[in-house]
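**Student:** First, the structure itself, so that you have it in front of you.
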Amino acid sequence: MDSQLGQACCTEQSSTEWVTLLDDLRRDVAALRDRVDHLERENLGLRQQAGYWQSRHRDAVRRIGELEQQVEQLQGEKRQLQADLFGRRSETTPPKDRSNHLDDPQDDTPGPGRKRGQQAGNPGPKRRDYSSLPVRESFVELPHEQCVCPDCGQPLRLRSDTEDSEQIEIDVCAHRRLIHRRRYERTCACQGNCTFTAASVPKLIPKGLYGTSIWVEIVLDKYSSYRPTERFLASWRLGDLDLAAGTVTDGLQRLEILLRPIYEAIKKRNPDGDLHLADETRWRVFVVQEGKQGYGWWLWVLSGPDTVVYVLDASRSHAVPEDHYRAQSRGVLVVDRYSAYKAMIWVKDGVIVLAFCWAHVRRDFIRVGKGWPELKTWALEWLRRIRVLYQLNHRRLEAEKGSVAFGEADCCLRQAVAEMKAEMEMELARADLATPCRKVLESLAAHWEGLTLFVDDPRIPMDNNTSERRARGPAVARKNFYGSGSLWSGQLAAAAFSIFATLALWGLNPRKWLAWYFERCAAAGGKVPGDIELFLPWNLSQEKKKELGGPDPTEGDDTS
């Protein structure tokens, strides 16, 4: 085209040729413009596609990063669950990887390597005092052929003194109590009945064959020793006492009515005081309830200053402790971080203040150390800080309040708490803090006020382990006989657990107390005595407490 323009400029051509040339040029220019427009549109489309795929690539990279973090989080949680489920070792081997323990090379506390029993180098323990037991004397004599002098054969003379020793024996023997009711007749000529018979022996269950002692043993075996009915009946059969399981079940249903007023009295007293503890554990009740699926119920453990109450309920909601603690209740409630306690109206109104458990906080750091090995060092540092708090608080509790030692321990404790709070806030301000660490510290910060109530009030325990220990017995029972087969049996279990735990707080022997109460019920015709206030531990006289008390505790370790 350039040559054609050059020729047109240099040579003379006709107008027709010029018109033809211009037409060709116009067509070429139009084609070029169309081509340029097409290319521009194609370029724009490619640019749009490139931008789209670049954005998709950025999204994919971001998504891959999120998935990698999620995979890392899930792998950590998997390791946590494996540690919780499989971390405990057999009782016959040292628990090297317990689920509530994270190995710390700087931990100098005595480990599980210490052997049980008497330790080398320590003085031997004192023998227990069994002088309160009744004595059954027995005399051991020489055989007849040995009652002569070994030298001359002259007979030996029996002396008045003896060489004495003793040993403790136990004799468990079922027997039939054959009751002979004396009969009398008139020696006069008066009108009326000529014969008089002594009164009948009181029975706990009217017209029942089994005496009070049988039912005391049944209740103790099942709800204090947590043995299934079939198991202790099998052991009794070895002693020639064969009881039917159905008879025991029927009798326990009658006993639930007798124990219910005692349970209600303990339950009424439990909210009093200014320091409480609470926890809950699973309990199965195999009854069909409208609106509820399954058989999972909950056994709440509510401890007061001098009573312990187990409340059986189908719900784990805040309504259970909320209904138990009245508007008149005051003080501190030591709990774990379960949300139901925080939702109580008494807590929201400030009537009851929640103190949280450091043992649960400690488990959070242990789970991080087990779930993410790269964060174990960080978790151990926090576990050492918590260990220091326990040690300082223990030192403060050992000292007499108001003494110099108490003041020094209190000052050190407050300083350690302040340093821990500063470290927590500093780490939370870091942008590069790992997600598991941040979650644990955010929970620690959210519960900080309740976790540090023990600093100003030494009466408040640092953890809720007391409640968990009191829930351990029902947990054993749950595994032994899988909860309760009916609602009344569940209510009887809650009542028996409450009575035995409260008696333990008062240092009373449950066997003696139960025998005393059942004998009074039998005297009342198998019904609840008229005044149950006489049987409540806080109403007993000192003489009665001593009579119903258990053995005196032995000081120090006793392996005799």
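The values are calculated or read from the model by the stated rules, or taken from the named source; none is laboratory data. Keep in mind the model is a prediction, meaning the values are calculated, not measured. We place every Cβ from the backbone using ideal geometry, glycine too, and count neighbours over all the protein chains shown. Each accessible area value is taken on the protein alone, full model and side chains, heavy atoms only, with ligands, DNA and RNA left out. Shrake-Rupley method; radii C 1.70, N 1.55, O 1.52, S 1.80 Å.
**Student:** Go through 411, 437 and list them by solvent-accessible area, largest first, probe radius 1.4 Å.
**Tutor:** Working: 411 80, 437 5 Å².
Descending accessible area places them as 411, 437.
**Student:** Here's something else I'd like to know. How large, in percent, is the carbon and sulfur part of the accessible surface of segment 364-408 at a probe radius of 1.4 Å? Don't jump to the answer; show the numbers that get you there.
**Tutor:** Values: 1290 of 2350 Å².
So the carbon and sulfur contribution to the accessible surface is 55 percent.
**Student:** Separate question: I need the phi-derived Karplus couplings for segment 482-490: 6.51 cos²θ - 1.76 cosθ + 1.60, θ = phi - 60°, integer Hz, Gly and Pro marked x.
**Tutor:** Once θ is set to phi - 60°, the couplings for segment 482-490 become 6, x, 10, x, 7, 5, 5, 5, x Hz.
**Student:** Give the angle, between 0 and 90 degrees and rounded to the nearest 10, that separates the Cα long axis of helix 435-446 from the longest principal axis of the Cα atoms of the chain.
**Tutor:** With both axes taken from Cα atoms, the answer is about 60 degrees.
**Student:** Once the piece of chain linking residue 15 and residue 415 is laid out straight, how much longer is it, given 0.36 nm per residue of separation minus the C-alpha distance between them? Spell out each step's value before the answer.
**Tutor:** Values: separation 400, 0.36 × 400 = 144.00 nm, distance 10.80 nm.
Answer, rounded to one decimal: 133.2 nm.
**Student:** Tally up the carbon and sulfur contribution to the accessible surface of segment 215-309 as a whole percent, 1.4 Å probe, everything protein left in place.
**Tutor:** On the way: 2110 of 4380 Å².
Accessible surface attributable to carbon and sulfur in segment 215-309 totals 48 percent.
**Student:** Out of 320, 263, 361, whose Cα points farthest toward the positive end of the dipole of segment 248-382 (charges: +1 Lys, Arg; -1 Asp, Glu; placed on Cβ)?
**Tutor:** The Cα lying farthest towards the positive end belongs to 361.
**Student:** Where does helix 404-428 land angle-wise versus the long Cα axis of the chain, in degrees 0 to 90, nearest 10?
**Tutor:** Taking the Cα atoms of the chain, the angle to 404-428 is about 30 degrees.
**Student:** With θ taken as phi - 60° and the coefficients 6.51, -1.76 and 1.60, list the Karplus ³J(HN,Hα) couplings across segment 305-314 in order, rounded to whole Hz; mark glycine and proline as x.
**Tutor:** With the stated coefficients, segment 305-314 comes to x, 9, 9, 10, 10, 9, 10, 9, 8, 6 Hz.
**Student:** Next question. From the phi of every residue in segment 348-356, what ³J(HN,Hα) in whole Hz does the Karplus formula 6.51 cos²θ - 1.76 cosθ + 1.60 yield, where θ is phi - 60° and glycine or proline is x?
**Tutor:** Calculated HN-Hα couplings, in order: 5, 7, x, 5, 10, 9, 8, 10, 9 Hz.
**Student:** On the full set of protein chains, 1.4 Å probe, figure out the accessible area of residue 274 and give it in Å² to the nearest 10.
**Tutor:** Roughly 70 Å² of residue 274 is accessible to a 1.4 Å probe.
**Student:** Considering amide H positions built from the backbone, and no H for Pro or chain starts, which residues 5 or more places from residue 352, or on another chain, come under 5 Å of its amide H?
**Tutor:** Amide H to amide H, under 5 Å and 5 or more residues apart or across chains, residue 352 pairs with 347.
**Student:** Quick check: from the Cα gyration tensor, does segment 399-494 come out rounded (a/c under 1.5), prolate or oblate? Show your work: numbers first, answer last.
**Tutor:** Working: a/c = 4.11, a/b = 1.56, b/c = 2.63.
Oblate shape, in that a/c is at least 1.5 and b/c is the bigger or equal ratio.
**Student:** Average the reciprocal distances over every distinct pair of alpha-carbons in the chain, invert the result, and give the Kirkwood radius in Å. Intermediate values should be presented prior to the final figure.
**Tutor:** Numbers: mean 1/r = 0.0313 Å⁻¹.
By the Kirkwood definition, the hydrodynamic radius is 31.9 Å.
**Student:** Select from segment 256-341 those trypsin sites (Lys or Arg not before Pro) which occupy a DSSP coil region and have at most 13 other Cβ atoms within 10 Å, ordered by residue number. Before the final figure, lay out the partial values.
**Tutor:** Numbers: sites: 267, 268, 269, 282, 284, 292, 316, 326, 330, 337; in loops: 292, 316, 326, 330, 337.
Within segment 256-341, the qualifying trypsin sites (Lys or Arg not before Pro) (loop, at most 13 other Cβ atoms within 10 Å) are 292, 326.
**Student:** Next question, about the same structure. Are there any trypsin sites (Lys or Arg not before Pro) in segment 147-213 that are in a DSSP loop and have at most 13 other Cβ atoms within 10 Å? List them by number. Kindly include the intermediate steps, with their values, before the conclusion.
**Tutor:** On the way: sites: 157, 159, 176, 177, 181, 182, 183, 186, 203, 207; in loops: 157, 159, 176, 177, 181, 182, 186, 203, 207.
Those that pass, being in a loop and sparsely packed, are 157, 159, 176, 177, 181, 182, 186, 207.
**Student:** Okay, next question. If you scale each eigenvalue of the Cα gyration tensor by 5 and take the root, what three semi-axes come out for segment 265-378, rounded to whole angstrom and sorted largest first?
**Tutor:** Numbers: eigenvalues 159, 93, 31 Å².
So the equivalent ellipsoid measures 28, 22, 13 Å along its semi-axes.
**Student:** Given a 1.4 Å probe and heavy atoms of the protein chains only, how would you sort 360, 394, 144, largest accessible area at the top?
**Tutor:** On the way: 360 30, 394 105, 144 160 Å².
Result, largest first: 144, 394, 360.
**Student:** Name the residues whose placed amide hydrogens come within less than 5 Å of the amide hydrogen of residue 306, ignoring near sequence neighbours (fewer than 5 apart) on the same chain.
**Tutor:** Residues meeting the criterion, in which the H sits 1.01 Å from N, do not exist here.
**Student:** Tell me the carbon and sulfur percent of the accessible area for segment 410-487, rounded to whole percent, probe radius 1.4 Å.
**Tutor:** Numbers: 2060 of 3900 Å².
Ligands and nucleic acids excluded, carbon and sulfur reach 53 percent.
**Student:** Determine the equivalent ellipsoid of segment 163-260 by diagonalising the alpha-carbon gyration tensor, then write out the semi-axes as square roots of 5 times the eigenvalues, largest first, rounded to whole Å.
**Tutor:** Numbers: eigenvalues 265, 105, 30 Å².
With the √(5λ) rule applied to segment 163-260, the semi-axes are 36, 23, 12 Å.
**Student:** Which value, in Å², gives the accessible area per residue of segment 118-169 when a 1.4 Å probe is used on the protein heavy atoms? Provide the component values of the computation, followed by the final result.
**Tutor:** Details: 5920 Å² over 52 residues.
I get 114 Å² per residue for segment 118-169.
**Student:** Roughly what angle does helix 15-86 make with the longest principal axis of the chain, taking Cα atoms, 0 to 90 degrees, to the nearest 10?
**Tutor:** So the inclination is approximately 10 degrees.
**Student:** For segment 442-518, state which trypsin sites (Lys or Arg not before Pro) are in a DSSP loop and have at most 14 other beta carbons lying within 10 Å of their beta carbon.
**Tutor:** Details: sites: 459, 469, 470, 472, 478, 479, 511, 512; in loops: 459.
Sites meeting the loop and neighbour criteria: 459.
**Student:** Over segment 350-477, give the accessible area per residue in Å² for a 1.4 Å probe, as an integer.
**Tutor:** Details: 6080 Å² over 128 residues.
That works out to 48 Å² for each residue.
**Student:** Moving to a separate point now. Dipole size in debye (nearest 20) for the chain around its Cα centre, Lys and Arg Cβ +1, Asp and Glu Cβ -1? Display every interim value, and only then the final one.
**Tutor:** On the way: 80 positive and 80 negative charges, 493 e Å.
Using only the charged Cβ atoms, the result is roughly 2360 debye.
**Student:** How much of the DSSP beta bridge set in segment 256-407 is antiparallel, as a percent to the nearest 5?
**Tutor:** Numbers: 14 of 22 bridges.
Just about 65 percent of them are antiparallel.
**Student:** Once you list every other residue whose beta carbon is under 12 Å from the beta carbon of residue 230, what net charge do they have if Lys and Arg are +1 and Asp and Glu are -1? Intermediate results must be reported in sequence, preceding the final value.
**Tutor:** Numbers: positive: 222, 227, 231, 237; negative: 221.
With Lys, Arg at +1 and Asp, Glu at -1, the net is +3.
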